[in-house]
Ligand SMILES: [Zn+2]
Ligand SMILES: [Zn+2]
């Protein structure tokens, strides 16, 4: 399995793209601005999009992706996997003919170019040998993370979350974990704001990582623009025994 970071920043600006991971060449996790860097051919190979939650930095490119691929998707629709409440929010607020056309009924309601597939934690999905599980998250809106494994290994992406015991329990319930991509959006100086915004800061994440029984590489995502180094170096000081990586667009991990 290959995981490519298309975007992992907490904002935009030169070199910064928001949340999107490409798994092999057919699965996207989140559809933030990082997707815009894919070639047309690479976009056309996408078959499945797993959404962690409905915040704009995680779905900004979804409407544009569907529109760009419109003619190519008519023979094989793009499948969007997420919780049912997230599905409703995206449909109602984005694909509503006002912000964007309702591609869930185009070109015809009976054979749309995109369709939702509701997912929940009790029903992992197998996509040609890659098994996708939902992970619990605690954010300001309904949110999840995902754990993906094949016969060789596993990685997990938390999406946006603040301190959340259920996440660590869910990760510990599985036999192994090779790579964890976890957010740490806020620097310690903004701990209270971060907590209210449903995000991690270094002290909260350091406290929670102790609960993880596995020893994966730990990629840090969603760092606030301008505070990236401060936040990451702080984490490194607090977690000297962990294999931490500051994630960047274009990073590729093979499992
Ligand atoms: Zn969010
Ligand atoms: Zn976010």
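Every number here is computed from the coordinates shown, using simple stated rules; none is lab data. Quick caveat: nothing in here was measured; it's all calculated off a predicted structure. Cβ placement follows ideal geometry from the backbone for every residue including glycine, while neighbour counts extend to all protein chains displayed.
Comparing 11, 129, 153 in a Gaussian network model of the chain (Cα springs below 10 Å), the most mobile by mean-square fluctuation is 129.
I need the calculated FRET efficiency for the pair residue 110 and residue 39, taking r as the beta carbon distance and R₀ as 30 Å, to the nearest 0.05. List each step's numbers first, then the result.
Values: r = 31 Å, r/R0 = 1.04.
It comes to 0.45.
Looking at the chain, what % of its DSSP beta bridges pair antiparallel, to the nearest 5?
Details: 25 of 48 bridges.
If I count the DSSP bridges inside the chain, around 50 percent turn out antiparallel.
Counted by neighbouring Cβ atoms within 10 Å, the residues 85, 251, 30 run from fewest to most as 85, 251, 30.
Within the listed set 207, 98, 74, the residue fluctuating most in the Gaussian network model of the chain (springs between alpha-carbon atoms under 10 angstrom) is 98. With a ≥ b ≥ c taken as the square roots of the eigenvalues of the C-alpha gyration tensor of the chain, please select rounded if a/c is under 1.5 and otherwise prolate if a/b is larger than b/c or oblate if it is not? Because a/c hits 1.5 or more and a/b exceeds b/c, the chain counts as prolate.
Measuring nothing but how far apart in sequence close Cα pairs (under 8 Å, 6+ apart) lie, relative to its length, the chain scores a relative contact order of 18 percent.
Kirkwood Rh over Cα pairs of region 120-180 into Stokes-Einstein at 25 °C, 0.890 mPa s: D in µm²/s? Spell out each step's value before the answer.
Values: Rh = 11.8 Å.
Estimated diffusion coefficient is 208 µm²/s.
Which value, in nm² and rounded to one decimal, describes the direction-averaged projected area of the C-alpha convex hull of region 104-227? Show your work: numbers first, answer last.
On the way: hull surface 39.1 nm².
Approximately 9.8 nm², given one-decimal rounding.
Mean-square fluctuations from a GNM of the chain, with a 10 angstrom spring cutoff on Cα atoms, peak among 221, 19, 39 at 39. Separation of region 18-48 and region 82-157, taken as the distance between their Cα centroids, equals 14 angstrom.
Using the Cα atoms of region 1-152 to build a convex hull, what is its mean projected area in square nanometres? Each step should come with its number before you reach the end.
Details: hull surface 37.0 nm².
Computing the convex hull of the Cα atoms and averaging its projections yields 9.3 nm².
Kindly put 9, 75 in sequence by how many other C-beta atoms sit within 10 Å of each C-beta, fewest to most. All intermediate terms of the calculation are to be shown ahead of the outcome.
Details: 9 26, 75 8.
Going from least to most buried by this count: 75, 9.
By other beta-carbon atoms within 10 Å, ranking 204, 73 with the fewest at the front produces 204, 73. Compared with the dominant principal axis of the Cα atoms in the chain, helix 84-93 is inclined by about 60°.
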